[in-house]
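**Q** First, the structure itself, so that you have it in front of you.
The values are calculated or read from the model by the stated rules, or taken from the named source; none is laboratory data. This is a predicted model, so every value here is computed, not measured. Ideal geometry is used to build each Cβ from the backbone, glycine not excepted, and the neighbour counts take in all protein chains shown. Note: areas computed on protein heavy atoms with side chains; ligands, DNA, RNA excluded. Shrake-Rupley method; radii C 1.70, N 1.55, O 1.52, S 1.80 Å.
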Amino acid sequence: MNILVINSGSSSIKYKLFDFPKESLIDKGEIEKIGEKGSKAKNHTQGIDEVIKRILSKSKLTSLENIAAVGHRVVHGGEKFKQPHLIDKLVVKQIEECITLAPLHNPANLAGIKHCLKVFPTNFQVAVFDTAFHQTIPDYSYIYPIPYKYYKKYKVRKYGFHGTSHQFIAQKTARILKKPLSKLRLITAHLGNGCSITAINQGKSVATSMGFTPLEGLMMGTRSGDIDTAAVFNIMKKDKLTIEQMDKILNKQSGFLGVSGISNDLRNVRKAAAKGNQRAKLAIEIFINRLKEYIGAYLFCLGKVDAVCLTGGIGENNPELLKPVKNQIKKISPKTKVLTVPTDEELMIAKLTYQLFIKNKRGK
Ligand code: ADP
C-alpha cells in the first residue's frame, strides 16, 4: 500500500511517498518558499495541490485512490497527544488548541492537514507529533522550577521536540545492536540545524534537551540553546529591545551564526575555522563542549548506557569534528558504543501511520 507523508512547514511543504510494508521510497520532493515571489504556491492549499500534481505525474499513480493513508507531521501535540492519532474533527480542534504553544508551526501543519482532508479520498489521515515521544518524561524532569501556577495556567513545561527522529534512531539502534529496546539504555543526539539530545530508557524518553520550545538545550545553527534568562533581560534593557526583537535574536541570530558571525551552516563555519578565523573556532568549541556536557549529564542519569547515537546533518557527516566527544565517552564509559545512525523522520511517520492503519483494520 502507498503512504504519503506530508511535512507542511511555515514556508515549505516536504513530501515522501512510500510503498508499505516494503518501506521503499517511491517519490519525494519539496515545494519551497510558499507565499514568496516566484514560488509555485501562494499558500499551503496551493502547495498541497502542487504536491498532488507532482505525485500523479512522476510516480505513475493513476489516481489518488492509490494512496491508502496520509501521515502528517505536527510539531506540537501538547499534553494531549502521547502517540500518533487518526485525524478527525476533534483532533483538528485539539491541534488548534495547541497553537498557543507553537504559534509558528502548528498553523502551517494544520493548513496542510485541512486541505488534505478535502482532497484525499482516503479518510485515513494520521497526525504524528514531534512532542509525543517525550510524553513519557517524568514530571521532575519536565516541570520548570518556577511558580507552579504557570504550569497549571499556561501549560508552561518542558515538552521536547524531534521526537519522531529520536524514536526512529532508538528503534534502528536496537536492530543494529540485535537487542530488544526494552533491554537498552540509549542517548540519541539529533544534530542538524536544530539540535536536541534525549536519554532513552527501555525505549522511553526520560530526559530531553529541548524545552517549552525548541530553543532550549544544545547550541544550534541559529538558536542559542541554554542561556541565563537574566542575561536576556540585561540585553533587552540595555538595547531597549521588544520581546519580538529578542525572540528573533535568540532563535534566528544566535548559535553558530551568532558566535561565528559567518553562517548557521557548520560547513561554512568549519571552512572559516580551517583558515584561522578565531570566532569560527570558538563557535565549534562551544558546540562540542555543550554536547559533552549534555552527554555527561545523561550518562550520569541513566547510569549505564549501551550506545550514544549521533544523527542529523552534523551528527552524520562530521566524524573528525565529533571525535573528541567519542573519545571522552570511551574514556568515561568504555562499554558504551558510539554509533552514527542516519535519521529518516518521514519514514518513521510512514511507519507509525502504517501501524495505526493495520491496527484499525484489525479492529474492524
Ligand atoms: P535540518 O535540521 O534543517 O534538517 P540537517 O540535518 O541537514 O538540517 O543539518 C544541517 C547541518 O548539518 C548544517 O550545519 C550542515 O553544515 C551540516 N551538514 C549537512 N550535510 C553535511 C555534510 N555533508 N558534511 C558536513 N556537514 C553537513
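**Q** In whole Å and largest first, what semi-axes does the C-alpha gyration tensor of segment 38-110 yield when each eigenvalue is scaled by 5 and square-rooted? Provide the component values of the computation, followed by the final result.
**A** Working: eigenvalues 145, 58, 15 Å².
With the √(5λ) rule applied to segment 38-110, the semi-axes are 27, 17, 9 Å.
**Q** Could you tell me the center-to-center distance, by alpha carbons, between segment 304-347 and segment 27-47 in angstrom?
**A** Computed from Cα coordinates, the inter-centre distance equals 35 Å.
**Q** Now for a separate question. Can you check what the net charge comes to around Lys304, using other residues whose Cβ is under 10 Å from the Cβ of Lys304 (Lys, Arg +1; Asp, Glu -1)? Walk me through the intermediate numbers first.
**A** Working: positive: Arg185, Lys335; negative: Asp306.
It works out to a net charge of +1.
**Q** At 1.4 Å probe size, with every protein chain present, just tell me what the per residue accessible area of segment 206-355 comes to in Å².
**A** Details: 7830 Å² over 150 residues.
That works out to 52 Å² for each residue.
**Q** Please build a GNM for the chain, connecting alpha carbons under 10 Å apart, and tell me which residue among Thr208, Thr122, Thr229 fluctuates the most.
**A** Evaluated over the chain, the most mobile residue of the options is Thr229.
**Q** According to the square roots a ≥ b ≥ c of the eigenvalues of the Cα gyration tensor, what is the shape class of segment 303-364, taking rounded for a/c under 1.5, prolate for a/b larger than b/c otherwise, and oblate for the remainder?
**A** Working: a/c = 6.83, a/b = 2.22, b/c = 3.08.
Here segment 303-364 falls in the oblate category.
**Q** With r as the distance between the Cβ atoms of Tyr144 and Gln278 and R0 = 35 Å, compute the FRET efficiency 1/(1 + (r/R0)^6) and round to 0.05. Spell out each step's value before the answer.
**A** On the way: r = 35 Å, r/R0 = 1.01.
About 0.50, to the nearest 0.05.
**Q** Now a separate question. May I ask for the distance between the Cα centers of segment 119-136 and segment 208-238, given as a whole number of Å?
**A** 29 Å
**Q** Separate question: Taking the Cα atoms only, what angle lies between the long axis of helix 229-239 and the longest principal axis of the chain, rounded to 10 degrees?
**A** Rounded to the nearest ten degrees, it is 90.
**Q** In deg cm²/dmol and to the nearest 500, what is the mean residue ellipticity at 222 nm of the chain if only DSSP H runs of at least 4 residues count, each as -39500 (n - 2.57), divided by the residue total? Kindly include the intermediate steps, with their values, before the conclusion.
**A** Working: 14 runs with 159 residues, N = 364.
Using -39500 (n - 2.57) per qualifying helix, the result is -13500 deg cm²/dmol.
**Q** Would you mind listing how long the chain runs along its three principal axes, going by Cα atoms, in whole Å with the largest first?
**A** The principal-axis extents, from largest down, are 56, 52, 49 Å.
**Q** I've got another one for you. Which value, in debye to the nearest 20, describes the size of the charge dipole of the chain about its Cα centre when Lys and Arg Cβ atoms bear +1, Asp and Glu Cβ atoms bear -1, and nothing else is charged? Please report the intermediate quantities before stating the final value.
**A** Numbers: 58 positive and 30 negative charges, 142 e Å.
Dipole size: approximately 680 debye.
**Q** On C-alpha positions alone, give me the angle between the axis of helix 106-119 and the longest principal axis of the chain, in degrees, nearest 10.
**A** Relative to the chain, helix 106-119 is tipped by roughly 20 degrees.
**Q** Note the full-extension length gain between Leu56 and Cys301 as 0.36 nm times their separation in residues minus their Cα-Cα distance, in nm to one decimal. Intermediate values should be presented prior to the final figure.
**A** Values: separation 245, 0.36 × 245 = 88.20 nm, distance 4.97 nm.
Full extension of this stretch gives 83.2 nm more.
**Q** In nm, what is the difference between 0.36 nm times the number of residues separating Lys40 and Val119 and their Cα-Cα distance?
**A** On the way: separation 79, 0.36 × 79 = 28.44 nm, distance 1.84 nm.
Result for the pair: 26.6 nm of gain on full extension.
**Q** How much length, in nm to one decimal, is gained on full extension between Lys359 and Asn193, taken as 0.36 nm per residue of separation minus their Cα-Cα distance? Can you show the working numbers first?
**A** Working: separation 166, 0.36 × 166 = 59.76 nm, distance 3.48 nm.
Using 0.36 nm per residue and subtracting the Cα-Cα distance, I get 56.3 nm.
**Q** Per the 1.4 Å probe, what fraction of the accessible area of segment 262-356, in percent, lies on carbon and sulfur atoms?
**A** Working: 2660 of 4930 Å².
Accessible surface attributable to carbon and sulfur in segment 262-356 totals 54 percent.
**Q** Under 20 Å between alpha carbons, and skipping anything fewer than 8 positions from Lys337 in its own chain: which aspartates and glutamates qualify?
**A** Within reach: Glu293, Asp306, Glu316, Glu320.
**Q** Net charge within 15 Å of Ile146 by Cβ-Cβ distance, Lys/Arg positive one each and Asp/Glu negative one each, not counting Ile146 itself?
**A** Within the 15 Å Cβ shell, the charges total +3.
**Q** Looking at this model, which pairs from Lys183/Lys361; Lys292/Lys335; Lys179/Lys335; Lys82/Lys172; Lys179/Lys304; Lys237/Lys292 are more than 23 angstrom apart at the alpha-carbon?
**A** On the way: Lys183/Lys361 30 Å; Lys292/Lys335 17 Å; Lys179/Lys335 15 Å; Lys82/Lys172 21 Å; Lys179/Lys304 15 Å; Lys237/Lys292 32 Å.
With Cα atoms farther than 23 Å apart: Lys183/Lys361; Lys237/Lys292.
**Q** Another question, if that's okay. Give the calculated FRET efficiency between Ile227 and Asp49 to the nearest 0.05, with a Förster radius of 30 Å applied to their Cβ-Cβ distance.
**A** Working: r = 42 Å, r/R0 = 1.39.
Step by step, r from the Cβ atoms, then E = 0.10.
**Q** Next question, about the same structure. What size of dipole, in debye to the nearest 20, comes out for segment 248-289 about its Cα centre when the only charges are +1 on Lys and Arg C-beta atoms and -1 on Asp and Glu C-beta atoms? Mind dumping the intermediate values first?
**A** Details: 8 positive and 2 negative charges, 27 e Å.
Using Cβ point charges on Lys, Arg, Asp and Glu, segment 248-289 gives about 140 debye.
**Q** Further question: Using a ≥ b ≥ c from the Cα gyration tensor of segment 103-191 (square roots of the eigenvalues), is it rounded, prolate or oblate, where a/c under 1.5 gives rounded and otherwise the larger of a/b and b/c decides, a/b for prolate?
**A** Details: a/c = 2.67, a/b = 1.07, b/c = 2.49.
Oblate, since a/c reaches 1.5 and b/c is not below a/b.
**Q** Follow-up. Compare the peptides 211-222, 75-86 by average per-residue count of other Cβ atoms within 10 angstrom and give them in order, highest first. Before the final figure, lay out the partial values.
**A** Details: 211-222: 21.2, 75-86: 19.5.
Highest mean packing first, the order is 211-222, 75-86.
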